[in-house]
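Here the structure comes first, spelled out in structure tokens, and everything after it is commentary.
The values are calculated or read from the model by the stated rules, or taken from the named source; none is laboratory data. Keep in mind that what you see is a predicted model, and the values were worked out from it rather than measured. Cβ sites come from the backbone with ideal geometry, for glycine too, and all protein chains shown count toward neighbours. When the accessible area is computed, the model is the full protein with side chains, heavy atoms only, and any ligands, DNA or RNA have been set aside. Shrake-Rupley method; radii C 1.70, N 1.55, O 1.52, S 1.80 Å.
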Amino acid sequence: MNNISCENIYKSFIHENEEMSVLENINISINKKETIAITGPSGSGKSTMLQLLAGLDKPTKGNVSIDNQNIQSLSELKKSELRLNSFGFVYQFHHLLEDLNVFENILIPQQLQNTNTSKDSIDKVNHLLDDLGLTSRATYLPWKLSGGEKQRVAIARAIINDPEFLFLDEPTGNLDDKNSEIVQDLIMSIAKKYDMTLILSTHDKNFANKMNTIYKINNKTINEV
């Protein structure tokens, strides 16, 4: 897989029987190993843009394509496989399962990918725990972790299946300045080490400036800054 592209994308929602336009005439292409920031004011459509790129939402008009194949033409099974194997997701809130410990939370995508938990899967979790400075927290339940640690667990879970694309929706928006900087640097180093493409939505100008390319959504359209 080499690129994700949007061609003449429009997105609107129906609210109280009225159609509300969010994005209009969006045309962008994202190549493998690029790092992309999508910025804009609250409510501008940043999260919607990420969901469209990842095939989690359908455009009202236009096409989102992966290697020139319209993602909406794929079966639901193929789209699920794509999200499991090629895409990773990190959100503002970690969405960890509170009854599972750190190791078990990170292992979930491997269990979905492989019916049986193999030694390779266990080794991959241990490797990521080491990479993200979480080895000493492996048996902790989420309530025992700091906010920054929870987000590092979410990152490990997102990348354990070696995705080509990592989507991040305000991943540091819930963290203090110190933990935000730690997580930002970690995301950048992980992307470089694992040759991943980053697609990030953020309000943080400093984080955005670490990306190769910055797009800004304004008045329903998107332009490179």
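Dipole magnitude of segment 107-215 about its Cα centre, charges +1 at Lys/Arg Cβ and -1 at Asp/Glu Cβ only, in debye to the nearest 20?
200 debye
Which value, in Å³ per residue, describes the convex hull spanned by the Cα atoms of segment 1-60?
88 Å³
Please compute the per residue accessible area over segment 20-100 with all protein chains in place, 1.4 Å probe, rounded to a whole number of Å².
Per residue, segment 20-100 has 49 Å² of solvent-accessible surface.
May I ask you to derive the FRET efficiency for residue 143 and residue 225 from their Cβ-Cβ distance with R0 = 25 Å, giving the value to the nearest 0.05?
0.05
Within segment 70-148, what whole-number % of the accessible surface is contributed by carbon and sulfur, with the 1.4 Å probe and all protein chains included in the calculation?
54 percent
Quick one: helix 147-159 against the long Cα principal axis of the chain, what's the angle to the nearest 10°, folded into 0 to 90?
80 degrees
Pairs 79/192; 61/192; 46/79: which exceed 24 Å Cα-Cα?
Pairs exceeding 24 Å: 79/192; 61/192.
With the contact rule set at Cα under 8 Å and sequence spacing of 6 or more, what percent relative contact order holds for the chain?
Working: 406 pairs, mean separation 66.8, N = 225.
Value for the chain: 30 percent.
Work out the length of the dipole vector of the chain about its Cα centre, built from +1 on the beta-carbon of each Lys and Arg and -1 on the beta-carbon of each Asp and Glu, and round it to the nearest 20 debye.
Once rounded to the nearest 20, the dipole reads 240 debye.
What's the center-to-center distance, using Cα atoms, between segment 189-225 and segment 103-140 in Å?
28 Å
When N counts the residues of segment 1-128, how does its alpha-carbon radius of gyration compare numerically with 2.2 N^0.38 Å, as a ratio?
1.25
Run down the aspartates and glutamates and flag those whose C-alpha is under 16 Å from the C-alpha of residue 150, throwing out any fewer than 8 positions away in its chain.
Filter leaves 98, 99, 104, 130, 131, 169, 170, 176, 177, 181, 185.
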